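All remarks here apply to the structure that follows.
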Number of protein chains: 2
Amino acid sequence: MRKIRAVVYGVGRMGSISTRLMLEHGVEIVGAISQSPQKVGRDLGDVAGLGFQTNVTVERDAEAVLSQLRPDIAIVTVSSYLADMYEHLHRCADHGVNAITLAEEAFYPWRTSPRMTAALDALAKERGVTLTGSGQQDVYWMNLVSLMMGTSHRIDSVVGRVSWNVDDYGPEVAKDQRVGDTLEQFEGFLSRGDRPPTFGRNTLDALVAGTGLRVSAIENHTRPETATTELYSSTLDLRIPAGEVIGFTDIDTIRTVEGPVFTFEMTGSVYAEGQRDVNEWDIHGEPELSVVNPVLNTQMTTCTSMVNRIPDVLNAPPGYVTVDRLPQLKYRAFPLGSYVEAG
Amino acid sequence: MRKIRAVVYGVGRMGSISTRLMLEHGVEIVGAISQSPQKVGRDLGDVAGLGFQTNVTVERDAEAVLSQLRPDIAIVTVSSYLADMYEHLHRCADHGVNAITLAEEAFYPWRTSPRMTAALDALAKERGVTLTGSGQQDVYWMNLVSLMMGTSHRIDSVVGRVSWNVDDYGPEVAKDQRVGDTLEQFEGFLSRGDRPPTFGRNTLDALVAGTGLRVSAIENHTRPETATTELYSSTLDLRIPAGEVIGFTDIDTIRTVEGPVFTFEMTGSVYAEGQRDVNEWDIHGEPELSVVNPVLNTQMTTCTSMVNRIPDVLNAPPGYVTVDRLPQLKYRAFPLGSYVEAG
């Protein structure tokens with residue numbers, strides 16, 4: 001059995017959880033990269049809160065780490081959007097390192113950032129490596145829905161509703177979700193018109209692409225979510241007074257030439273006490289279908305999905321390979337290296 | 001695009017629904033087979049309650065239909081168990097006809113009927129055709145669970161609970177579920193010890209096989225379900241007095257050498273008014289996971305799963321190919337023939 005050698009590229013909340021999951025699945029962590037002065041130079045075990053030393057020091061120079069260590073794969077958790085992710089994924093590919101990321105746009109960036117995706121795809125093919133986006137999208141927002149759709153005779157519409165807690169994903173995501181904005185600031189953010197794609201958009205793009213249906217229209221509506229009483233954001237260490245922004249809800253819709261309409265309503269916000277994650281999908285048509293996850297830990301399954309995908313990425317052909325081209329995600333009862341094909 | 005030519009092999013409740021689904025998905029029905037004197041000689045459209053004529057006459061002689069018509073595939077809905085199904089699947093393969101069936105044991109018969117399965121596999125390979133079992137098991141009892149398991153870091157146990165209405169599946173299934181037995185008759189049925197495998201057993205066999213875990217023990221407990229007030233079975237046209245058997249619940253458990261335990265509790269019974277189908281799965285471990293179908297029409301999705309699988313069967317390599325070796329089931333937005341690969 002081959003032992004997978006991995007670099008943790010970004011040691012925030014998601015990178016830290018994923019580090020533990022990989023270690024417990026027999027992955028050898030050979031390096032770690034962070035831009036944070038509070039993390040560089042410390043042991044990865046300390047930074048990730050593992051409770052033990054890993055003898056891997058967090059380093060700042062990504063180029064040096066990748067070129068010197070030549071890992072099998074980098075686990076990249078630094079940003080949500082392809083404009084920010086481009087340099088990191090490019091760097092991995094350029095150094096002949098496969099990469100998997102949680103970046104939401106990276107899940108299916110073909111339609112929202114076609115030129116950057118094509119450039120990464122070409123470089124990855126040239127260097128013989130695979131770049132893939134996974135995360136909560138992979139199973140809960142796409143493959144679970146796609147699988148249920150496989151039991152439809154006729155689909156009229158697909159309607160998804162999701163909620164997740166911004167405090168589970170670190171300050172970068174909380175800022176992207178406009179936590180702490182006044183309503184005026186939020187209006188300004190929306191009206192500037194330079195917003196990156198919504199997470200729902202990329203998910204629906206993947207879902208619709210898998211059906212072969214032709215897109216006829218794309219719509220997005222966004223509403224701010226505001227605190228009804230004062231709420232505390234732990235990841236930002238910020239008290240948000242009643243009336244100010246704790247996140248927002250995107251409602252993305254894709255209409256198709258053939259008829260079926262896909263709608264995805266996603267709320268990412270600071271949670272009130274007792275509030276729980278939501279993942280609910282209705283598939284209207286013949287027959288009526290629905291699927292729900294009554295017990296849901298989006299923070300964890302965001303990471304488990306990515307980590308369990310590692311063997312699929314290593315087994316995939318070179319290029320920018322979105323998960324619609326990978327096998328159905330499987331439970332990894334044995335060390336991840338045992339799922340990697342020879343050669 | 002190739003037009004798929006199909007024979008409906010068994011024109012009961014499931015075969016009738018599947019006939020309509022296939023016609024609406026552009027499949028050409030070229031023949032129909034039944035052993036029932038009430039059905040032979042009539043137009044398939046009348047027998048299946050389609051409301052129109054198909055110009056296909058239901059015939060009795062399966063050998064003649066298969067050898068003369070040489071269809072691409074037979075949709076076989078005649079029995080639940082491989083001992084009964086063997087001759088039908090053998091006949092299809094022998095005549096060079098691919099076959100897909102709802103027979104519960106046929107879903108994954110490698111462990112419960114290994115010799116018959118191996119014989120069918122060898123014949124299918126020799127004749128260059130594929131034999132596959134699908135039905136509700138395919139997505140709702142196996143792939144949905146397997147997919148969710150793909151987001152587990154560590155599984156301690158998997159617990160499924162299912163309920164379906166025997167009246168949805170015709171008299172053959174209702175008799176197999178012992179509807180109308182006295183408790184004494186039911187005890188006799190259990191104690192004879194010649195019971196065919198439970199539906200849950202074959203489902204768990206497929207689920208566990210997909211994980212690579214090694215089976216250490218297999219357990220089955222069965223309890224009769226009895227009417228609390230008089231109930232009416234429409235498929236048997238039978239009134240069942242309070243205290244008599246309306247079906248039963250199987251609790252199947254597979255233990256593994258590595259630790260995870262799989263339990264599947266399935267109830268098939270005559271429903272009281274307002275009773276609904278159930279499909280609920282909990283995956284205990286890290287993290288805790290669960291998935292539920294709040295809206296569920298087992299009768300329909302049993303048929304849609306099989307019909308949507310037809311292209312996968314035609315694209316598969318020859319042999320007895322269980323669904324763990326087929327691609328993830330997909331929605332068929334276009335005629336089924338358009339999903340069949342050339343060559």
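All of the numbers you see were taken from the coordinates with simple rules; none came from a lab. Note that this is a predicted model, so its numbers are computed, not measured. Every residue, glycine among them, receives a Cβ derived from its backbone with ideal geometry; neighbour counts consider all protein chains shown.
Restrict the search to segment B:66-111; then list the GluC sites (Glu not before Pro) that DSSP places in a loop and that have at most 15 other Cβ atoms within 10 Å of their Cβ.
Passing sites in segment B:66-111 do not exist.
Given labels modelled 7 Å from the Cα in the Cβ direction, how far is it in nm from A:R60 to A:L183?
The modelled label-to-label distance comes out at 4.4 nm.
How fast does segment B:137-297 diffuse by Stokes-Einstein, in µm²/s, taking the Kirkwood radius from C-alpha pairs at 4 °C and 1.567 mPa s?
Rounded to a whole number, D works out at 78 µm²/s.
Just how large is the dipole of chain B about the Cα centre, in debye to the nearest 20, putting +1 at every Lys and Arg Cβ and -1 at every Asp and Glu Cβ?
That gives chain B a dipole magnitude of about 980 debye.
What does the copy distance list look like for A:P241, label position 7 Å along Cα→Cβ, in nm and ordered from shortest?
So the label point of A:P241 gives 7.6 nm to the other copies.
What are the ³J(HN,Hα) couplings of segment B:25-30, residue after residue, when phi is run through the Karplus curve with 6.51, -1.76, 1.60 and θ = phi - 60°? Round to Hz, x for glycine and proline.
For segment B:25-30, the Karplus-derived couplings read 10, x, 7, 8, 8, 9 Hz, x marking Gly and Pro.
Please give me, ordered by residue number, the GluC sites (Glu not before Pro) of segment A:172-262 that lie in loop per DSSP and have at most 13 other Cβ atoms within 10 Å.
Here the GluC sites (Glu not before Pro) that fit, given the DSSP loop and packing criteria, are A:E230, A:E258.
Could you tell me which residue out of A:L120, A:A93, A:L23 lies farthest along the dipole of segment A:1-144 toward its positive end? Charges go on the beta carbon: Lys and Arg +1, Asp and Glu -1, centred on the Cα centre.
Projecting each Cα onto the dipole axis, the largest value belongs to A:L23.
Assigning unit charges at the beta carbon (Lys, Arg +1; Asp, Glu -1) and nothing else, what dipole magnitude in debye, to the nearest 20, does segment B:41-130 show about its Cα centre?
Dipole size: approximately 220 debye.
Where a Cα-Cα gap under 17 Å defines reach, which aspartates and glutamates qualify for A:K3, not counting those fewer than 8 residues away within the same chain?
Straight-line reach from A:K3, under 17 Å: A:E24, A:E28, A:D72, A:D312, A:E341.
Starting from the 7 Å offset along Cα-to-Cβ, what nm value, one decimal, do you get for the label separation of A:S234 and A:D94?
3.8 nm
In peptide A:137-150, how many Cβ atoms from other protein chains are near each Cβ within 10 Å, on average?
For peptide A:137-150, the averaged partner shielding equals 5.
Could you tell me the center-to-center distance, by alpha carbons, between segment B:248-264 and segment B:114-172 in angstrom?
Value for the Cα centre distance between the two parts: 15 Å.
Label position 7 Å from Cα toward Cβ: report the copy-to-copy distances for A:D94 in nm, one decimal, ordered from shortest.
6.7
Find every distance from the label point of B:R60 to the corresponding label point in the other copies (7 Å from Cα along Cα→Cβ) and write them in nm, one decimal, shortest first.
8.9
Go ahead and estimate [θ] at 222 nm for chain B from helices alone: -39,500 (n - 2.57) per DSSP H run with n ≥ 4, summed, over the residue count, rounded to 500.
Taking each H run of at least 4 residues, the total per residue is -9000 deg cm²/dmol.
Using alpha-carbon pairs under 8 Å, 6+ residues apart, how would you state the relative contact order of chain B in percent?
21 percent
Answer rounded, prolate or oblate for chain A, using the Cα gyration tensor with square roots of eigenvalues a ≥ b ≥ c: rounded when a/c is under 1.5, else prolate when a/b is larger than b/c, else oblate.
It comes out oblate by the Cα gyration axes.
Take every residue in peptide B:299-310, count the Cβ atoms of other chains within 10 Å of its Cβ, and give the average of those counts.
Mean partner shielding for this stretch: 3.
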